[in-house]
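The values are calculated or read from the model by the stated rules, or taken from the named source; none is laboratory data. Keep in mind that what you see is a predicted model, and the values were worked out from it rather than measured. For neighbour counting, all protein chains shown are included, and Cβ atoms are generated from backbone atoms with ideal geometry for every residue, glycine included. Ligands, DNA and RNA are excluded from the accessible area calculation, which covers all protein heavy atoms including side chains. Shrake-Rupley method; radii C 1.70, N 1.55, O 1.52, S 1.80 Å.
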Amino acid sequence: MSHPASAPDDPYDVERVRRDFPILHQQVNGHPLVYLDNGATSQKPRCVIDAISDYYLRDNSNVHRGVHTLAARATEAFESARTRAQEFLRAQDSKEIVFVRGTSEAINLVARGYAVPQLKAGDEVLITEMEHHSNIVPWQMICQETGALLRVLPIDEQGELSLDQLDDLMHAKTRVLALTHVSNALGTVNPLAQIIRKARDKGIVTIVDGAQAAPHMRIDVQKLGCDFYAFSGHKVYGPTGIGVLYGRMPLLREMQPYQGGGEMIRKVSFDETTYADPPYKFEAGTPNIAGAVGLAAALDYVDELGLERIARHELTLLKYATAAVEKVAGIRIIGRAREKAGILTFIIDGVHAHDVGTIMDHQGIAIRAGHHCAMPVMKKFGVAATTRASFGLYNTHQEVDALVSGLHEVREIMGT
Ligand code: PLP
């Protein structure tokens, strides 16, 4: 059972929230740790660490096959985690939740298992210019195999999708639209419901990369109307190695498994194998049971704290940080979308992003520097790399102040 720091109606008490995260209370290079790399992975509250440890201390067994008490407990914990993920995404049925390693594996599963059997030479797969490599490379791989063509919806100078080009790019040959909910490199929140409605009207299957949305906003897959939705546990305060693919049941029934093994079958002989029903036919082998248990505890944690309140807190930080960072001379913010999640990306004239990252680390500040697995976004803005501060539910205004004074220090040290 999780014990979030404040009940939904309380004002947001970030100091109490921080007490739930043991890792935050340490010095790095002689300074208090300022963790602003939540877009890459978030830290874990004690309730998640405890849930995983309790599972191993008390309940550990393999799932589904055993008749003994520990097997029943492990199965119950694993399947309740599935129900928890279903509630979190507002899906209709827990059987629409497939456990995977993370967003990347979820997208690969849909590309291989759903798209490959449907695609013919000349068909089209539509993605956007702001995708993470995880939502580019799997589609490129299967396009090469099937002769389908990869089309890309461009972004504009603000870092928003060029929606005026959408109708031209979605036509009779378009089979799949794969797009991100929130851009990891720009922070842009895409108007998904509107885009998905258009795709559905044209019979195009939609898959949403929700890796950067799940930690920051309420998701309702039925309201969105998407066919598939993917997210990773480790970005939403859960453990690594566990993630979720939601799929609408009729599509999961059509989708083929791309890994065979135990757990995913109904009957096996040397002549023929029949598969189990979804989601099990996509979960070959022993799953990450402790990961699912930890993920359920993380989803409890954010839900009890309140995703709407978390979003409000992070947006206040983003606004405060944007105003302060843009006052630092020589800084250009990349990504000025009207709707953004807690991600602030920028470059400093004459300083490589890696140098910014290293100098910040000397001050105990963890930020990310590089291409953020979104090289096409870097190309669009004419840069090789950027620096990214990404906010989480435990970040504070004082930490934003530390970021800003860190940036002044970078300019001083680098003489810019
Ligand atoms: N999509 C986006 C937008 C991401 O930010 C990330 C990770 O940074 C991924 C996909 C891949 O997630 P994972 O590495 O957990 O599979």
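Structure notes:
- Taking each residue of the stretch 74-101 that is of a type in the set (Asp, Glu) and looking for partners that are at pLDDT 95 or above and buried (at least 24 other Cβ atoms within 10 Å of the Cβ) with beta-carbon atoms closer than 7 Å, six or more apart or interchain, yields Glu96/Tyr246; Glu96/Gly247; Glu96/Leu252.
- Odd one out for Leu150, checked against (1) in contact with a Cys (Cβ under 6 Å, 6 or more places away or on another chain); (2) within 16 Å of the ligand (Cβ to nearest atom): (2)
- Test: Arg332 is assigned to a strand (DSSP E or B), modelled with pLDDT of 95 or more and surrounded by fewer than 16 Cβ atoms within 10 Å (Cβ to Cβ): yes
- On the stretch given as the stretch 324-377, residues that are in contact with a strand residue (DSSP E or B) (Cβ under 7 Å, 6 or more places away or on another chain) and among the basic types (Lys, Arg) total 3.
- Qualifying residue in the stretch 335-343 (condition: outside any loop (DSSP other than H, G, I, E, B), closer than 30 Å to Leu163 by Cβ and open to solvent by 20 Å² or more (accessible area, probe 1.4 Å)): yes
- Flag if Pro4 is within 25 Å of Glu304 (Cβ to Cβ) and modelled with pLDDT of 95 or more: no
- Subset of the stretch 241-259 [in contact with a strand residue (DSSP E or B) (Cβ under 8 Å, 6 or more places away or on another chain) and open to solvent by 40 Å² or more (accessible area, probe 1.4 Å)]: Arg248
- Flag for Gly203 being in contact with a His (Cβ under 8 Å, 6 or more places away or on another chain) and either open to solvent by 10 Å² or more (accessible area, probe 1.4 Å) or at pLDDT 95 or above (or both): no
- Within the stretch 291-329, if we keep just the residues that are in a helix (DSSP H, G or I) and basic (Lys, Arg), the residue that is nearest to Gly382 (Cα to Cα) turns out to be Lys319.
- Residue check for Lys235: within 16 Å of the ligand (Cβ to nearest atom), assigned by TED's automatic domain parsing to the domain that holds Val182 and among the charged types (D, E, K, R): yes
- Selection count, the stretch 260-279, where residues are open to solvent by 30 Å² or more (accessible area, probe 1.4 Å), out of contact with any Ser or Thr (no Cβ under 6 Å at 6 or more places or on another chain) and without any contact (Cβ under 8 Å) to a residue 24 or more places away in the chain: 8
- Only a single item in (1) free of Cβ contacts under 8 Å to residues at least 40 places away in the same chain; (2) open to solvent by 10 Å² or more (accessible area, probe 1.4 Å); (3) in a helix (DSSP H, G or I) is not met by Ile195, and it is number (2).
- Top-ranked residue in the stretch 85-114 [being closer than 19 Å to Leu179 by Cα and hydroxyl-bearing (Ser, Thr, Tyr); ranked as surrounded by the fewest Cβ atoms within 10 Å (Cβ to Cβ)]: Ser104
- Among the residues making up the stretch 207-235, those that are open to solvent by less than 30 Å² (accessible area, probe 1.4 Å) and part of a loop (DSSP other than H, G, I, E, B) are Gly210, Ala211, Gln212, Ala213, Ala214, Pro215, His216, Ile219, Gly225, Cys226, Asp227.
- Selection status of Lys267, basic (Lys, Arg), modelled with pLDDT of 95 or more and either more than 16 Å from the ligand (Cβ to nearest atom) or assigned by TED's automatic domain parsing to the domain that holds Thr180 (or both): no
- Filtered residues of the stretch 385-416 (kept if among the aliphatic types (A, V, I, L, M) and open to solvent by 10 Å² or more (accessible area, probe 1.4 Å)): Ala385, Ala402, Val404, Ile413, Met414
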